[in-house]
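**Q** Have a look at the structure that comes next, please.
None of the figures in this text is laboratory data; all of them are computed from the coordinates on show. Here the structure is a predicted model, which means the values were calculated and not measured. Every residue, glycine among them, receives a Cβ derived from its backbone with ideal geometry; neighbour counts consider all protein chains shown.
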Amino acid sequence: MDLFYTSTRDDSVRVKASQAVLQGLSAEGGLFVPEEIPALDRGLEELAGMTYQEIAFEVMKLFLTDFTREELLHCIEKAYDSKFDTPEIVPVREADGVSYLELFHGPTIAFKDMALSILPHLMTTAAGKNQVQDEIVILTATSGDTGKAALAGFAKVPGTRIVVFYPKDGVSPIQEKQMVTQKGKNTFVVGIRGNFDDAQSGVKEIFGDAVLKAEMKAAGFRFSSANSINIGRLVPQIVYYVYACARLYKKGALKEGGTVNAVVPTGNFGNILAAYYAKRMGLPLGRLICASNENRVLYDFFRTGCYDRNREFILTSSPSMDILISSNLERLIYEIGGRDSGKAAALMKRLSEEGSYEITPDMQEKLGDFYGNYASEEETAAAIRRIYEKTGYVLDPHTAVAEGVYEKYRAETGDEKVTVIASTASPFKFTGSVMKGLGQECGAADDFELADRLSGLSGTEIPGAVREIRNAEVLHHRVVEVKDMKTAVKEFLGLA
Ligand SMILES: *Cc1c(COP(=O)(O)O)cnc(C)c1O
């Protein structure tokens, strides 16, 4: 039986999974949601005997019902292979009585690899199924992390090209080096003279350019987007929660009838929404603990029922969570509003016009699965230091935000149930903040020297992703003015 997808803002929309993956966003601006959340059809006993890839198949077959078994197996095999630095794909590490779900063993050592390593294959498969002959051109603006993860995912994937724009002076030296050393003839990395917002607006303008779209069509190209609202990114993220429970069950930490709390360092609300879907599928998850940094919009939302982005944007040591509009929250709003697209559309309209909205008390009552809190910069640094001193395990700043919030949660509720913390980045990706958290003097050392020192302190090897770029050749030199972004794209596609 096929599972169809509708839109959070228009319930007359009804598309198949492959169409939702290809389209990304529904035409009226809503997000695609499954008409119902399917139930897991395997028990923990069975799942406990499976590999990551096998569990990925068990989850994805329920959501992507118009993909054949062979197609799904092919996508999974292409995605979760030796690009990951461990055959387990997602190791679960024990420290201080908590399980850390290490989602950072992919090519860019952060959790976005979990979804972006499979999205290109889902997209090209979806294109084939829908008689789309055009080459897919991914266009992305990045503030640092997503760009590299998308490049790594799409590089050398037949039938795709990818263009990434980044603010020339607005990303860290390691992030820039990661992008400009990207291999693959189908990749194109361009610095712009402007900030992230300029890059983002430029990309939106190119997407909306009807003349260019016609030229592209004539030449056999079509644009697509790899951003985190695509269900082709959401569904692969459900997999690791199922995998975590299966591992804990196998170890005896999770008993039949028991539950597992999940703590998730949150920005765009994609990762924690996957946990929510997993729970709705019947996975024995308990509390979903939403951890924010000082940009605590979500903490305020869970506390008051009011979402308000009208506030100062704070730059923190966990930059991938520096976000004031958590796009994926719209899917939760839709669920707690009784799957009423009119209601969700009205709230999202208020968000775009006034920057805030308030949910009704009965919607608020349905948020019982969640607990929200935040960690300040000091609390984040303290968490890195505390866990290191107690166990020798080093957390990255994003994961440390989760740890800081988990400490508050336990103090407040006394809940000592089995808990997993989603560990979203390797500490080697944010060496400066990590070394500071550990109380180390950094002086003028660059990120690579700090990586050497962190390796000594933590007794862990520097990940391949960092070692490789240290001496890698710079392959992308292009820097353009904002107004020339479109020309750059056309040149890359041979249309200029
Ligand atoms: C993107 C990201 C997050 C936030 O995840 P969301 O799905 O946007 O909530 C947290 N940590 C790291 C390291 C990330 O890259």
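**Q** Sequence neighbours fewer than 8 away in the same chain don't count; with that in mind, list the lysines whose C-alpha is under 20 Å from Lys251.
**A** In chain and number order, the partners are Lys417.
**Q** So if I place +1 on the C-beta of Lys and Arg and -1 on the C-beta of Asp and Glu, and nothing else carries charge, what would the dipole magnitude of the chain be about its Cα centre? I want it in debye, nearest 20.
**A** 780
**Q** Based on DSSP H runs of at least 4 residues, each adding -39500 (n - 2.57), what is the mean residue ellipticity at 222 nm of the chain after dividing by all its residues, to the nearest 500 deg cm²/dmol?
**A** Rounded to the nearest 500, it is -13500 deg cm²/dmol.
**Q** Still on this structure: How high is the relative contact order of the range 145-267, given as a whole-number percent (alpha carbon pairs under 8 Å, six or more residues apart)?
**A** About 19 percent, as a whole number.
**Q** Using 20 Å as the Cα-Cα cut-off, could you pick out the over-long pairs in Lys183/Lys217; Lys148/Lys168; Lys148/Lys185?
**A** Flagged as over cut-off: Lys183/Lys217.
**Q** In debye to the nearest 20, how big a dipole does the range 238-294 give about its Cα centre with +1 on each Lys and Arg Cβ and -1 on each Asp and Glu Cβ?
**A** Computed about the Cα centre, the dipole is about 260 debye.
**Q** Find the centroid of the Cα atoms in the range 135-186 and in the range 192-227, then give the distance between the two in whole Å.
**A** Value for the Cα centre distance between the two parts: 15 Å.
**Q** Can you find, among Thr68, Gly106, Ile89, the residue sitting farthest towards the positive end of the charge dipole of the range 59-114, where Lys and Arg contribute +1 and Asp and Glu -1 at Cβ?
**A** Thr68
**Q** At a 10 angstrom cut-off on C-beta neighbours, averaged per residue, how do the peptides 143-155, 224-236 rank from highest to lowest?
**A** Order by mean packing, descending: 143-155, 224-236.
**Q** For a quick protection proxy, order the peptides 261-269, 73-81, 120-128, 480-488 by their average other-Cβ count within 10 Å, most packed first.
**A** The most tightly packed comes first, giving 261-269, 120-128, 73-81, 480-488.
**Q** Points 7 angstrom from Cα along the Cβ direction at Glu353 and Asp41: gap in nanometres?
**A** Going from the Glu353 label point to the Asp41 one covers 4.5 nm.
**Q** Taking 8 Å as the Cα distance limit and 6 or more residues as the minimum spacing, I'd like the relative contact order of the chain as a percentage.
**A** That works out to 18 percent.
**Q** If you place +1 on the Cβ of every Lys and Arg, -1 on the Cβ of every Asp and Glu, and leave all else neutral, what size is the dipole of the range 2-114 about its Cα centre, to the nearest 20 Debye?
**A** With Lys and Arg at +1 and Asp and Glu at -1, about 340 debye.
**Q** Students often get this wrong, so check it: of Lys279/Lys486; Lys129/Lys349; Lys279/Lys408; Lys16/Lys250, which have C-alpha atoms separated by over 32 Å?
**A** As for pairs spanning more than 32 Å Cα to Cα, those are Lys279/Lys486; Lys129/Lys349; Lys16/Lys250.
**Q** Over the Cα atoms of the chain, Rg to Rh with Kirkwood Rh, two decimal places?
**A** Rounded to two decimals, Rg over Rh is 0.94.
**Q** Hey, can you rank 204-214, 361-371, 286-296, 57-67 by average C-beta count inside 10 Å, highest first?
**A** Put in order of decreasing packing, that is 286-296, 57-67, 361-371, 204-214.
**Q** Once you place label points 7 Å from the Cα toward the Cβ at Ala219 and Glu205, how far apart are they in nm?
**A** Spacing of the two 7 Å Cα→Cβ label points: 1.9 nm.
**Q** I would also like to ask the following. Given R₀ = 35 Å, FRET efficiency for Gln19-Glu481 by Cβ-Cβ distance, to 0.05?
**A** 0.45
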